[in-house]
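Please read the structure below before turning to the comments.
The values are calculated or read from the model by the stated rules, or taken from the named source; none is laboratory data. Predicted model, so just to flag it, every value in this text is computed and none were measured. Backbone-built Cβ (ideal geometry, glycine too); neighbour counts: all protein chains shown.
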2 protein chains.
Amino acid sequence: MARKTTVTPRDKEVAKRLHSIGKQVAEEIKKGEPPNVKMPVRSLSNIHFNEKKEQLELGNAMSKRSFMNVAHSRKFMQTMLVTNWVCKELVEEGITTSLRDMYYALKRTIPGTKENTVEEQGESDPIVVDIETMLDVLREELHLNADVRGRVVGNVVIKDRGDTVDWSKLGSGGWSIPSNVENVEIKKVDAEYILLIEKNAAFERLHEDRFWESEKCVLMTSQGQAARGIRRLANRLSVDHKIPLYIFTDGDAYGWYIYSVIKWGSMNLAHVSDRLGTPNAKFIGLTMTDIDHYDLGDYTIKAKDLDIKRAKELKNYPWFQDPEWQKEIDKMIKGQRKAELEALSSKGLRFITETYLPEKIGKKDFLP
Amino acid sequence: MARKTTVTPRDKEVAKRLHSIGKQVAEEIKKGEPPNVKMPVRSLSNIHFNEKKEQLELGNAMSKRSFMNVAHSRKFMQTMLVTNWVCKELVEEGITTSLRDMYYALKRTIPGTKENTVEEQGESDPIVVDIETMLDVLREELHLNADVRGRVVGNVVIKDRGDTVDWSKLGSGGWSIPSNVENVEIKKVDAEYILLIEKNAAFERLHEDRFWESEKCVLMTSQGQAARGIRRLANRLSVDHKIPLYIFTDGDAYGWYIYSVIKWGSMNLAHVSDRLGTPNAKFIGLTMTDIDHYDLGDYTIKAKDLDIKRAKELKNYPWFQDPEWQKEIDKMIKGQRKAELEALSSKGLRFITETYLPEKIGKKDFLP
């Protein structure tokens, strides 16, 4: 027999907000008015960079989805369907699932018609983002999980689903960062900074040297672009517990983009930058200056056209306008070279643990 | 200061084997003979399916790599270079790294020449497989890690790097399966079977319902094709501790291939099937019969040409000749349909926990 999962106070609040959509629509119907839902516009025209908060966010433009507008009615129906299902089957039941499972659970032929509720997942996924935006809740708070990736170790004790987990006592594996970290209670943190590494190999090397212990830090790896769970966990540790967050990626446009999303948020998810972004994050490396300073020139890779194109795009983003970043990007475009984290291994396998990271952190040699 | 990592008795044994290559070559040189190394042939012609052991393995054909043969001498040099480096820098130092880092660490211009030791990673990677095959050691025992993926929960207690980790007390996250599980000591196992799931979403659903607790099992997810660490961990739990291993994937050729690699081994790694393969593994689903039995027809996906092509290939492999598998594959080819695990969510989000898995396991309804 499956355990009855728990419903938290936050679940009750989220359920209340979901109900509010239904209530408003029911009232409109009772009054004989055309039912509709309103939501912030998420297209590029309504996304801007808030310089003060240092994050991407949505503007004030709103759109209306009306049942009586034939161009909207199918989407309106789907909005009601998803809102009701998420409320009744997930949030009020304390059950979590994925977007793909939701699509299968919702797909059926509407009785008496040949019309399907949803034909493909591409129809149900955006409705979840609509609800996220309308109600100012995270997708994870709707009990819909994103992909998982990434692991963490360090002097941190958490409480999660009744278990007390000490991230410093997990052997070589580390704690698997789940999709949803909303209910993870951070009980004790004894760390001077968080080091979030793009690549698992560097994470494993540092973990083997117990870098997190000697340097008193939290080590995380995103294994590529950071999943939502990692971004949210980094935000909670860094913002709520006031611990600096340093990002360590390859020295190329893709690495910078990983940094950019962790720090400032992303255009797709501009409506949740305040919870997924960490504006105080700093870029520790690998920088173009590192390549000269640590004599890594022989270990760089010729940049492809796409690398240069992407670098030029980033150079124009409002959030990369700091002169230090402009200089960094120009240097890459001019030199036509990029460098991977692994290039540091040319100096010896413990170079990263014993020299590179302690030096950079000691001198506070970061990009903003 | 980085912690001095430990050197295990197995490290000493592996170092001895690595030294033996150098010793043999040194003796040949002293005797004025052309130095060479011998290794089993790894091409298709020397790979066969051992019906009795139920695993892919290498035959007896051997090849010789000779320094005096101009077609071999570069590769011979690289074999010596990698063997020496792995022995001195990794195994004897107790340091672990990745293939990519190794490539960077080895790359340099040979003094007095314009020749580089290695030009690209494609040159150094195969040498590691050569050494694996020659010395009958795992790549992980050479301290070279593969990609990591996957997590595990259940009533198991392990000891790893001095930490005691209880897989039943890790909250929602679970234990991150590392690349190298050779030094993980399995201290206590209280499980009737291991359920290895292709998709993380199903793993998270089952974990949320604490399926591993109510059903007394170990839950693992591979998140796609199983990484070496997962295959080795499944092998150690299932073979050494005599616990049945059930594999749960999508009902399609890709899912069957995941199963096939976990059970019988893979052609690429035929030389290590005995440690990475688990011949007793059973396929729990999703099967073509499940689609009819659980009325999932509306939730299947039309198979593409590539799906059918791949299914026909698998049908011809010696290890898929069991009549039950032949029937299963024929059914898919005839019906031109495939099904994802998530299709079960059309029956309700707890259907998998409360109905599907208990029924299939209760009736021992597996494919061999």
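Which residue out of A:Leu314, A:Leu306 is closer than 25 Å to A:Gln223 by Cα, modelled with pLDDT of 95 or more, among the aliphatic types (A, V, I, L, M) and surrounded by 15 or more Cβ atoms within 10 Å (Cβ to Cβ)? Break it down into steps so the answer makes sense when it comes.
On the way: A:Leu306 fails: surrounded by 15 or more Cβ atoms within 10 Å (Cβ to Cβ).
It is A:Leu314.
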Filter result for A:Leu245 (surrounded by 24 or more Cβ atoms within 10 Å (Cβ to Cβ), touching a residue at least 24 places away in the same chain (Cβ under 8 Å), closer than 21 Å to A:Leu357 by Cα and away from every other protein chain (no Cβ under 14 Å)): no
Candidates A:Leu314, A:Leu357, A:Leu276 - the one that is within 14 Å of chain B (Cβ to nearest Cβ) and in contact (Cβ under 8 Å) with a residue 24 or more places away in the chain: A:Leu357
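For the subset of the stretch A:182-200 comprising residues that are in a loop (DSSP other than H, G, I, E, B) and more than 8 Å from chain B (Cβ to nearest Cβ), which member is surrounded by the most Cβ atoms within 10 Å (Cβ to Cβ)?
So the first thing to find is which residues in the stretch A:182-200 are in a loop (DSSP other than H, G, I, E, B), and the list is A:182-184, A:190-192, A:198-199.
So of that shortlist, the ones also more than 8 Å from chain B (Cβ to nearest Cβ) come out as A:182, A:190-192, A:198-199.
Values: A:Glu182: 18, A:Asp190: 12, A:Ala191: 20, A:Glu192: 12, A:Glu198: 24, A:Lys199: 22.
Out of the qualifying residues, it is A:Glu198.
Quick check on the stretch A:48-58: of everything there that is touching a strand residue (DSSP E or B) at 6+ places or on another chain (Cβ under 6 Å) and not aromatic (Phe, Trp, Tyr), which residue is farthest from A:Tyr103 (Cα to Cα)? Steps first, answer last, please.
Narrowing the stretch A:48-58 to residues touching a strand residue (DSSP E or B) at 6+ places or on another chain (Cβ under 6 Å): A:49-50, A:56-58.
Still in the running and not aromatic (Phe, Trp, Tyr): A:50, A:56-58.
Numbers: A:Asn50: 35, A:Leu56: 29, A:Glu57: 28, A:Leu58: 27 Å.
Checked the stretch A:48-58; the qualifying residue farthest from A:Tyr103 (Cα to Cα) is A:Asn50.
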Residue within the stretch B:147-169 that is crowded, with 18+ Cβ neighbours inside 10 Å, within 13 Å of chain A (Cβ to nearest Cβ), within 22 Å of A:Glu204 (Cα to Cα) and of a type in the set (Ser, Thr, Tyr) present: no
Per-region count, the stretch B:201-218, residues more than 9 Å from every other protein chain (Cβ to nearest Cβ), at negative phi and either surrounded by fewer than 22 Cβ atoms within 10 Å (Cβ to Cβ) or assigned to a strand (DSSP E or B) (or both): 3
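Would you call A:Gly22 small (Gly, Ala, Ser) and under 30 Å from A:Pro368 (Cβ atoms)?
Answer is no for this residue.
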Criterion (under 30 Å from the mean Cα position of the chain (by Cα), of a type in the set (Lys, Arg) and surrounded by fewer than 18 Cβ atoms within 10 Å (Cβ to Cβ)) met by exactly one of B:Lys23, B:Lys16: B:Lys16
Residue identified as buried (at least 20 other Cβ atoms within 10 Å of the Cβ) and at pLDDT below 95 among A:Gly277, A:Gly285, A:Gly265: A:Gly285
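A quick yes/no check of all residues on (1) touching a strand residue (DSSP E or B) at 6+ places or on another chain (Cβ under 7 Å); (2) under 30 Å from A:Ile186 (Cα atoms); (3) of a type outside the set (A, V, I, L, M, F, W, C):
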site: B:Thr113; (1), (2), (3): no, no, yes
site: B:Thr117; (1), (2), (3): no, no, yes
site: B:Val128; (1), (2), (3): yes, no, no
site: B:Val137; (1), (2), (3): no, no, no
site: B:Leu144; (1), (2), (3): yes, no, no
site: B:Arg161; (1), (2), (3): no, yes, yes
site: B:Ala191; (1), (2), (3): yes, no, no
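Restricting to the stretch A:319-354, give me the number of residues that are outside any helix (DSSP H, G or I), touching a residue at least 24 places away in the same chain (Cβ under 8 Å) and within 12 Å of chain B (Cβ to nearest Cβ). So that I can check it myself, show each step before the final result.
Going through the stretch A:319-354, the residues outside any helix (DSSP H, G or I) turn out to be A:321-322, A:336-340, A:348-350.
With touching a residue at least 24 places away in the same chain (Cβ under 8 Å) added as a condition, the list becomes A:322, A:336-340, A:349-350.
From what is left, the residues that are within 12 Å of chain B (Cβ to nearest Cβ) are A:339-340, A:349-350.
Residues meeting the conditions: 4.
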